[in-house]
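The block underneath contains the structure these notes are about, expressed in structure tokens.
The values are calculated or read from the model by the stated rules, or taken from the named source; none is laboratory data. Because the structure is predicted, anything quoted here is derived from the model rather than measured. Glycine gets a Cβ as well: all are built from the backbone with ideal geometry, and neighbour counts include every protein chain shown. Surface areas here come from the heavy atoms of the whole protein model, side chains and all, with no ligands, DNA or RNA. Shrake-Rupley method; radii C 1.70, N 1.55, O 1.52, S 1.80 Å.
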Amino acid sequence: MIEFLPQIPETRVASATRIRRERLLPIPGQVSGAIGIRIGAQDVIARAYPPKMRRAVSLTRVIGVTEADVPKRLVKQVGDQVEAREIIIAKPINFGVQRLVYRAPEAGQITAIQGSWMILDLYGQPYDVCALYRGTIVGVLPRQGGLVEAQGALIQGVWGSSAPGGPAKEAVGVIKWISKAADAVLDANALEADARGAILVAGGITDAALQRAGELQASGILVGSLAPEQRQQALALNLPVVVTEGFGEMPMSASVFELLTALNGQEAALNGRYDPRNPRVTRPELFVPLAASRMLQSDQGAETPSPKVAPRARVRGLCAPYLGRVGVLPDEFVLKWIATEAGTYLPAVQVEWQDPPGEHDTVPWTNLELIG
Amino acid sequence: MAELPTSILFADVGAVATKVGLIDLVAGHYRVIGATRSMSTASAPYEDIMLGVRQGIMQLEALTGRRLLDAQNALLRPARLDGDGVDAFTAVTSAALPLHTVVIGLSRDYSVTGAQRAVNSTYAVVDHTIAVDEESGRWGTTAQDGRAGGPSASVEKLAALKPDVVVMVGGIDGGAVAPLREMANIVAAVGAAMDESQRPRVIFAGNREARGDVAERIGGLMDVRMVDNVLPKLGRFNPGPLQTEIETLYRQLQVEKIPGFAKLAAWSESGVMTSTDAYTRVADYLARRYQLRVLALDLGAAATTLIRADGTRLKRAILEELSIGYGLEQLLDQVGIQKIMRWLPAPFEANEVHAQLLNQALHPTATPTRWQDLTALNAAGRELLMHVTQVWRDDPALTLMDSDLVLLSGAPIARGSKPTALLLMLLDALDVRGIFSIAADSVGLAPAMGAVAIVNPEAAAQALESDCLVTWGTAFVPEISARSGEPVVLNVQVLPARGGRLEADVKFGSLELIPLGEGEKANVEIRGGRGVSWGKSAGISGGVKGNEFKREVQGGAVGLLVDARGRPVPLPDHTERQRDKVQEWMWEAGA
């Protein structure tokens, strides 16, 4: 018997909670929001102007001059904006009759000239960071972005298709259950034009439906599970895909299914960022803001409390054969050592499953997480 | 001289698990009197590693009945007469994110490869390398026939990245400076184009004659650090100063930013070491103490570490982002599921194994409880080891073949795999030959002993050998010529010190497990048939004459394992035959 209960991971699946999320630009820019301002999910709170491309040019080589000669041959200087085809550096050739020139390939700005090297930033599209979470700006990080506080329903996923270092994949859309069953697999045939702009929700999804969702410009996809070979397909899609349970054939867990069913048809934000090792990155998640009227009235008392290790606490299995199953801890419980099929001895606790109810299993403590 | 602390509390804060233990004197001998493992708490919603540390300490209090924290959750220090409290606290950590680097140098074969090797021995990832000698047209195309030249794709790639550190190398000391000036211009231009808050640090580890030029061009823009040349003379590789500087930056930029790190550091008077530094000290200690060539492996949840120590030289590689936990996703991307499937002894569905490994990456704290899941993880472990040991393939001065002791630490042990299963994993994946011992860091505390040694070396050594390391036994891996043609290649006779005699004929292509318990010794005589040799390793450790071996060896938790499969391990090409062969080897090895 073990008296001390070590911490276990937790996943928030809450109908009402208050969250704070940093909304930051990838490079410094301008922040338009201010503390205390109410914002909608699609409101821009920060904007940056990343170059479409950074052109790196050896000025000595492109026109054949020495480094010492570069300053006197430059037609443009650091900080200058250039139009497409504008001359940046030139030198006379053929006894001064002609000039050898290097022209800007596109419009841009000269951001650096160091000795013989120049960096020319070609203008790209402005990059906007929107609030994503409808709520209030409670903090501003100058030139970086803001901190948004929001109240609403939250479902944290276990995996998202926005990988570290890649573009942020996030979207706002209306939750759309195509076939309401925790284990229903979404097929391409079920997707019609009204999928455009929606956050498609299903237990699983076929390869064809993943592709079709991209073609129809769905806002995002939230599924219980993905087949392992669909991971690369999801990463390649230009929309957020969030998985709530894991990889393989498994239905959406009862807690997630119940809440999503209640939220069907509501506007939600889907954030696909997934970088589990980075403590600054929040988990992939779906967030449904409370209606504005309810937000005004709500207080912390109405919120779903954070899950804690306690009798009747809801838990979810993290490892086969219980991966994704949801149950509760008994009224009185202690950890007991059990021998597993693999021949290991692990501290474990009895779990009363809720999917379906009435079943019990003794599950290693490290293979459970709190959910709620 | 100040009195050394006798009761020492230690913590190892990893990316997934936090281990806490207590060392004290028991009958005049330092022992680990209790240890716990809890979840690390660097990430949300906790965002404070001290929560996990305190949880571990509270578990330890429950386990030992000794109070270690006061009412304010501060450490009770020093130890009291009633036994509560401790004299010292030490800590190691591997919870920080790796540094991202770019290596830019003059020659791919010399400076860039050398610097890359140095970076790989630290908690850093090389995202991009530029070698001047292989860039087409060097730095972009040149003006020709009245036409202007073009941009440099390679520099543009550098400009598109956001590394933490740029490592500049090139030239031997006293060599030409002009190409390095050009490199400095490039780095300066790329840095100048970035926002000041995002500019990388620069380490220059090239021709020392160029330092002035490099500082002049880059110094005003970025934080530049000058260290000794990684290649001061042709053929002389000097990675130490570059490694040290990267480690300094790693501490400043990543380790000190771990949520709660400052509180951990405040508890530890001797500072907080990285887990790999501490584990390296352990490997070095074992190499010196027993005059062994040690290959120490740590298969962590977030990174994989290889250390090679022989008493005079130390070498290590840290593979960030490839691991048996979080890094399984990357491993699957790099080696593919089919390579992992070939090590499975039963007809598992590739999709199921693939899904299980991905789910383990999502939940690295989980412990598989089914045989098939542990077996799949060990199959992935084989491919991981085969993949990561490739980092040393281009180092002629280093071979894994001649190791006397292979030491395993990390997640596979924590997950509770049988020692025989893990020993077979090591034999399948590592190209170590000859006669060598295998030991395991059975409770995952060995790296922490490297930090304990700072406050009390004797305590660390005694606790390490008494309570951390478990000898699994001795492996016999002869080299067998493919043309041997004889069915029986080895005749093995074992004379245990306790009495009795065991004899076995080992056929080519098979394994033989001979029981010899922990602490037991036996005289072993092995006669090899035609085409059998023991390689350089056995020659050095003694007992080999021609193709025969005769010497006293130690037993262990596994015993003696004779591997007559030849090297490389002859895995059949056909899937079913592969499966049968792997099953056969598992039976033979008792795995």
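Here are some notes:
- For the range A:11-83, the strands (runs of 3 or more DSSP E) that sit wholly inside it and include 3 or more residues that are more than 21 Å from the chain's Cα centre (by Cα) are A:53-58.
- Number of positions in the range B:405-439 that are touching a residue at least 40 places away in the same chain (Cβ under 8 Å) and either open to solvent by 30 Å² or more (accessible area, probe 1.4 Å) or within 17 Å of the chain's Cα centre (by Cα) (or both): 24
- Residues located in the range B:354-386, provided they are in contact (Cβ under 8 Å) with a residue 60 or more places away in the chain and either in a helix (DSSP H, G or I) or open to solvent by less than 20 Å² (accessible area, probe 1.4 Å) (or both): B:Pro364, B:Gly381, B:Leu384, B:Leu385
- Any hit, the range B:40-54, residues being open to solvent by less than 50 Å² (accessible area, probe 1.4 Å) and in a strand (DSSP E or B): no
Quick grid of which residues meet (1) surrounded by 20 or more Cβ atoms within 10 Å (Cβ to Cβ); (2) at the interface with another protein chain (Cβ under 10 Å from one of its Cβ atoms); (3) of a type in the set (Ser, Thr, Tyr):
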| position | (1), (2), (3) |
| --- | --- |
| B:Ala205 | yes, no, no |
| B:Glu209 | no, no, no |
| B:Arg217 | yes, yes, no |
| B:Val224 | yes, no, no |
| B:Pro241 | no, no, no |
| B:Glu256 | no, no, no |
| B:Phe261 | yes, no, no |
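- Scan of the range B:82-100 for residues that are within 14 Å of another protein chain (Cβ to nearest Cβ) and hydroxyl-bearing (Ser, Thr, Tyr), ordered by number: B:Thr93, B:Ser94
- Residue pairs whose Cβ atoms lie under 6 Å apart, sitting 6 or more positions apart in sequence or on different chains, and linking a residue in the range A:58-76 that is without any contact (Cβ under 8 Å) to a residue 40 or more places away in the chain to a partner that is assigned to a helix (DSSP H, G or I), are A:Val65/A:Arg73.
- In the range B:552-591, the residues that are free of Cβ contacts under 8 Å to residues at least 60 places away in the same chain and surrounded by fewer than 18 Cβ atoms within 10 Å (Cβ to Cβ): B:Glu552, B:Pro572, B:Asp573, B:His574, B:Glu576, B:Arg577, B:Asp580, B:Trp587
Residue-wise test of (1) open to solvent by less than 10 Å² (accessible area, probe 1.4 Å); (2) of a type in the set (Lys, Arg); (3) outside the structural domain of B:Leu362 (by TED's automatic domain parsing).
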{"position": "B:Val282", "(1), (2), (3)": "yes, no, no"}
{"position": "B:Leu297", "(1), (2), (3)": "yes, no, no"}
{"position": "B:Arg308", "(1), (2), (3)": "no, yes, no"}
{"position": "B:Thr312", "(1), (2), (3)": "no, no, no"}
{"position": "B:Glu320", "(1), (2), (3)": "no, no, no"}
{"position": "B:Ile337", "(1), (2), (3)": "no, no, no"}
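- Check on B:Ala184, in a helix (DSSP H, G or I), facing chain A (nearest Cβ under 10 Å), surrounded by fewer than 24 Cβ atoms within 10 Å (Cβ to Cβ) and touching a residue at least 12 places away in the same chain (Cβ under 8 Å): no
Each row is one residue, and each column tells you yes or no for (1) in contact with a Lys or Arg (Cβ under 6 Å, 6 or more places away or on another chain); (2) within 11 Å of chain B (Cβ to nearest Cβ); (3) surrounded by 21 or more Cβ atoms within 10 Å (Cβ to Cβ).
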residue: A:Lys308; (1), (2), (3): no, no, no
residue: A:Leu318; (1), (2), (3): no, yes, yes
residue: A:Pro330; (1), (2), (3): no, no, no
residue: A:Thr340; (1), (2), (3): no, yes, no
residue: A:Glu352; (1), (2), (3): no, no, no
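- Of all residues making up the range A:78-101, the number that are within 13 Å of chain B (Cβ to nearest Cβ) and in contact with a strand residue (DSSP E or B) (Cβ under 8 Å, 6 or more places away or on another chain): 14
- Contacts under 7 angstrom Cβ, first residue in the range B:144-155 being more than 13 Å from A:Pro105 (Cβ to Cβ) and facing another protein chain (nearest Cβ under 7 Å), partner in a helix (DSSP H, G or I) and hydroxyl-bearing (Ser, Thr, Tyr), 6 or more apart: none
- Which listed residue, of B:Ala160, B:Ala176, is more than 14 Å from chain A (Cβ to nearest Cβ) and either surrounded by fewer than 17 Cβ atoms within 10 Å (Cβ to Cβ) or at positive phi (or both): B:Ala176
- Residues in the range B:105-128 include at least one that is under 20 Å from B:Met183 (Cα atoms), within 13 Å of chain A (Cβ to nearest Cβ) and either surrounded by 21 or more Cβ atoms within 10 Å (Cβ to Cβ) or in contact with a helix residue (DSSP H, G or I) (Cβ under 8 Å, 6 or more places away or on another chain) (or both).
- The lone criterion from (1) over 31 Å from the mean Cα position of the chain (by Cα); (2) at pLDDT below 90 left unmet by A:Leu296 is number (1).
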